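Student: I have a structure I would like to understand better, so I am pasting it below and will then ask my questions one at a time.
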Amino acid sequence: QYEIEENGVVKGPFYGINYTRSSLTPNTTYTYRVRGINRLGASEWSEPVAITTLLEKPVLAVTPEEGKNTIQWMAVESADRYQLQIDGGTPFELGNVTSYVHEGLEANSTHTYVLKAFSANNESAWSKMVSQLTVPDRTNGLTVTDATFNKLTVAWTAVKGATGYDLEIDGTNVAVTGTTYSKTGLVANTEYTFRIRPKNAGGAGSWSDVTTGITQMSTPVIQSNPSQEEVVL
């Protein structure tokens with residue numbers, strides 16, 4: 001059997017020739033000694049070995065926007081610089097920052113990101129890889145195609161890679177598919193605003209310009225009052 005001394009605390013006895021300790025504090029030095037035990041007693045302690053745990057591993061969050069992904073993370077304690085690896089390429093230095101914007105991206109393309117933190121005398125493990133699909137391009141051609149006294153119909157150009165759209169009507173979002181939508185139950189002779197954005201599994205794209213539609217006036221209702229000599233409408 002063996003006994004292990006960790007930072008002055010004796011633990012054991014243990015069998016075998018290895019010891020694993022988890023749930024330690026990041027960027028902290030631990031000192032170990034070991035001694036053997038048999039039925040006659042214990043040996044002398046070994047020479048101490050000091051081991052420093054790695055820096056805390058960064059946790060990434062990626063926010064997609066049209067043509068770019070924004071990578072963000074919480075600052076790692078004691079870290080003074082970071083390295084970012086994109087799509088498995090060569091890691092590059094970022095300095096002491098907590099965000100990076102990956103720009104010039106094609107719509108509906110997937111990119112991967114991993115990050116490592118560094119201090120003057122230590123480093124972290126690579127973060128968990130985050131994969132992000134870029135959002136579709138902006139929707140164009142939003143127009144009002146039909147208007148009645150209580151209904152407006154809008155249409156737009158289909159966007160490649162979009163799995164759906166968010167249509168905002170006077171500030172209220174409606175999830176739609178296809179390239180047309182009719183809003184009923186409206187008030188006659190009233191102005192309504194519309195804008196739209198495409199979305200896919202990666203998130204929503206940017207909003208289009210605002211388009212305005214006006215419902216028709218109410219339809220007149222004819223009332224007649226006929227007599228023997230005339231009809232009054």
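Student: Can you find a residue in region 196-214 that is part of a strand (DSSP E or B) and among the charged types (D, E, K, R)? Working first, answer last.
Tutor: Let us first name the residues in region 196-214 that are part of a strand (DSSP E or B), namely 196-200, 203-204, 211-214.
Add one more test, that the residue is among the charged types (D, E, K, R), and what stays is 197, 199.
Within region 196-214 (the criterion being part of a strand (DSSP E or B) and among the charged types (D, E, K, R)), the answer is yes, since at least one residue qualifies.
Student: Right, another one. Among residues belonging to region 180-213 that are more than 26 Å from Ser131 (Cα to Cα) and of a type in the set (Phe, Trp, Tyr), point out the one that is surrounded by the most Cβ atoms within 10 Å (Cβ to Cβ).
Tutor: Phe194
Student: I would also like to ask the following. Only one of (1) over 23 Å from the mean Cα position of the chain (by Cα); (2) within 19 Å of Trp156 (Cα to Cα); (3) surrounded by fewer than 17 Cβ atoms within 10 Å (Cβ to Cβ) fails for Thr177. Which number is that?
Tutor: (1)
Student: Which condition number does Gln83 fail, the rest of (1) open to solvent by less than 20 Å² (accessible area, probe 1.4 Å); (2) out of contact with any Ser or Thr (no Cβ under 9 Å at 6 or more places or on another chain); (3) part of a strand (DSSP E or B) being met?
Tutor: Failed condition: (1).
Student: Right, something else. Please list, ordered by residue number, the strands (runs of 3 or more DSSP E) wholly in region 1-77 having 1 or more residues that are within 29 Å of the chain's Cα centre (by Cα), surrounded by 15 or more Cβ atoms within 10 Å (Cβ to Cβ) and not hydrophobic (A, V, I, L, M, F, W, C). Step through it out loud before you land on a result.
Tutor: On the way: elements: 2-6, 9-14, 29-38, 49-52, 60-65, 68-73.
Hits in region 1-77: 60-65, 68-73.
Student: If you don't mind, there's one more thing I want to ask. Pro226: surrounded by 12 or more Cβ atoms within 10 Å (Cβ to Cβ) and either free of Cβ contacts under 8 Å to residues at least 40 places away in the same chain or of a type outside the set (Val, Ile, Thr) (or both), yes or no?
Tutor: Values: surrounded by 12 or more Cβ atoms within 10 Å (Cβ to Cβ): no; either free of Cβ contacts under 8 Å to residues at least 40 places away in the same chain or of a type outside the set (Val, Ile, Thr) (or both): yes.
No; evaluated as a whole, the condition is false for this residue.
Student: Also: Would you tally the residues in region 54-67 being at pLDDT 95 or above and either aromatic (Phe, Trp, Tyr) or farther than 17 Å from Met129 by Cα (or both)?
Tutor: 2
Student: Quick check on my filter: what residues within region 168-195 are charged (D, E, K, R) and assigned to a strand (DSSP E or B)?
Tutor: So the first thing to find is which residues in region 168-195 are charged (D, E, K, R), and the list is 168, 170, 183, 191, 195.
Hits for region 168-195 are Glu168, Lys183, Glu191, Arg195.
Student: May I pose another question? Where the second residue is in a loop (DSSP other than H, G, I, E, B) and modelled with pLDDT of 95 or more and the first is closer than 22 Å to Ser206 by Cβ and aromatic (Phe, Trp, Tyr) and lies in region 83-109, which pairs have Cβ atoms under 8 Å and are six or more apart or on separate chains?
Tutor: Tyr100/Leu94
The values are calculated or read from the model by the stated rules, or taken from the named source; none is laboratory data. The structure presented is a predicted model; accordingly, all values stated were derived computationally and were not measured. Please note: Cβ atoms are built from the backbone with ideal geometry, for glycine as well, and neighbour counts cover all protein chains shown. Heads up: the accessible areas ignore ligands, DNA and RNA and are worked out on the full protein's heavy atoms, side chains in. Shrake-Rupley method; radii C 1.70, N 1.55, O 1.52, S 1.80 Å.
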